[in-house]
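The values are calculated or read from the model by the stated rules, or taken from the named source; none is laboratory data. Keep in mind the model is a prediction, meaning the values are calculated, not measured. Note: ideal-geometry Cβ built from the backbone for every residue, glycine included; neighbour counts use all protein chains shown.
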Amino acid sequence: MEEKKKIKYSIIAGIGVVSAAVIGVIIKNNNSNVLSKYNSSFFKKASLDTLDTEREKVRLMFCDMKYVDINDKLYYLLKKFDDAISLKKYGPHSDNFQLPKGGPHGWYLYKDE
């Protein structure tokens, strides 16, 4: 009787481990599909307003714990958005680059001199 309980518990534990692995794979694949539309042609064709709105969506995903498994990809994607926005605003070789006036983590205050 004792061996039947051990077998029963090991089967239940095995099913739990397999189902957790399957759920993890499903979540990871769903989160990776979110980023598939942000390729190099998207950044070339998008207008400045589109880049701003899409960057905000990515920033909100970066702050959300639901997407913690792709957080590093979101971080580098935000950098790509910043580079693309800077390129559209100021051109490829411009000295007019400025830090954003207000951002999600505070404000850049300039001295009036």
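Observations
- Filtered by the rule that a residue be aliphatic (A, V, I, L, M) and either closer than 10 Å to Phe81 by Cβ or outside the structural domain of Lys79 (by TED's automatic domain parsing) (or both), the range 41-60 gives Ala46, Leu51, Val58.
- Residues (surrounded by 10 or more Cβ atoms within 10 Å (Cβ to Cβ) and modelled with pLDDT of 70 or more) located in the range 17-38: Val34, Leu35, Tyr38
- Tyr75 exposed (fewer than 14 other Cβ atoms within 10 Å of the Cβ), modelled with pLDDT of 85 or more and not basic (Lys, Arg): yes
- Once the range 46-72 is narrowed to residues that are charged (D, E, K, R) and either modelled with pLDDT of 90 or more or touching a Leu at 6+ places or on another chain (Cβ under 7 Å) (or both), the residue that is farthest from Val34 (Cα to Cα) is Asp49.
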